[in-house]
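Each reported figure results from applying straightforward, stated rules to the coordinates on display, with no laboratory input. Worth saying up front: this structure is predicted, and the values here are computed from it rather than measured. Note that each Cβ is placed from the backbone with ideal geometry, even for glycine, and that neighbours are counted across all protein chains shown.
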Amino acid sequence: MKNYKLFFILGALIIFIPISLSACSKNSKINNKNKTTHPKPSTLTKSKSSGRLKLFSVSLLNPNRKTLENAIQKAGLIPIRTGLNYYCDIYKVNGQLTGASKLYVCYTQNNKFANAQYVFPAFMNTRLVKRVITMVSDKYGKPDSINGNYSLGDVTAYWHFGSNEEIKIFRGWPTTSVYLNLRNIPNYRKYLYELHKQKEDKIANKAKSQSGAF
């Protein structure tokens, strides 16, 4: 009787162990398959290469003020206000870019390019922003993001070139004027900081000069 029970137990183990090992093997294959079918996030997006952004054939990666001033002068834009005493030079656009009236070119304190802004004036022309976005898309490809409604309200579009350059198109509301910005991002941040600090220093100096009046 004991020998019969022992034979029955051994027989059950012989049948059960291969089935369990087979099930484990199948689960392992399924898990491995699921892990390899999901691509890494870095393979899902492709950013535009840096160094493509240019203004009058000058790369905007890190040009100095003199280089851009010479290029703008050769392009035939009419200076309205320029010089080292100003953060931003202002030019009248003389037909070089259809629909644009002015170009603002801003620099850091050490005269590195920060931002160039074309102004497209408009009054209740809701189609203008789409025309400007299409114009930029023809040269640099589709924008990386567009927010807003062409027919109503604010509209913003961005093109990114690496981590140092970008294009931003903006239309506010109710005014429908459009602003096209070409930026060197690190220099633009520095320019904004320097501009803010200058304003704070002026306020502090004015308060100091009036402290003796009472």
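Given a Förster distance of 30 Å, report the FRET efficiency between Asn62 and Leu97 from their Cβ-Cβ distance, rounded to the nearest 0.05.
That pair, Asn62 with Leu97, gives E of 0.80.
So what is log10(I(q)/I(0)) for the stretch 56-107 at q = 0.27, 0.29 1/Å, when the Debye sum runs over its Cα atoms only?
With no solvent term, the Cα-only Debye profile gives -1.19, -1.30.
Taking R0 as 30 Å, what FRET efficiency do you get between Ser137 and Lys199 from their Cβ-Cβ distance, rounded to the nearest 0.05?
It comes out at approximately 0.25.
Beyond a 31 Å Cα-Cα separation, which of these cross-linked pairs lie in this structure: Lys92/Lys208; Lys54/Lys92; Lys112/Lys206; Lys48/Lys130?
Lys92/Lys208
Among residues other than Asn125 whose Cβ falls under 11 Å from its Cβ, what is the net charge (Lys/Arg +1, Asp/Glu -1)?
Counting the neighbours of Asn125, the net charge comes to +4.
Using the Cα centre as the reference, give the magnitude of the dipole from point charges on the C-beta atoms of the stretch 54-205 (Lys, Arg: +1; Asp, Glu: -1; all else neutral), rounded to the nearest 20 debye.
Value, rounded to 20: 220 debye.
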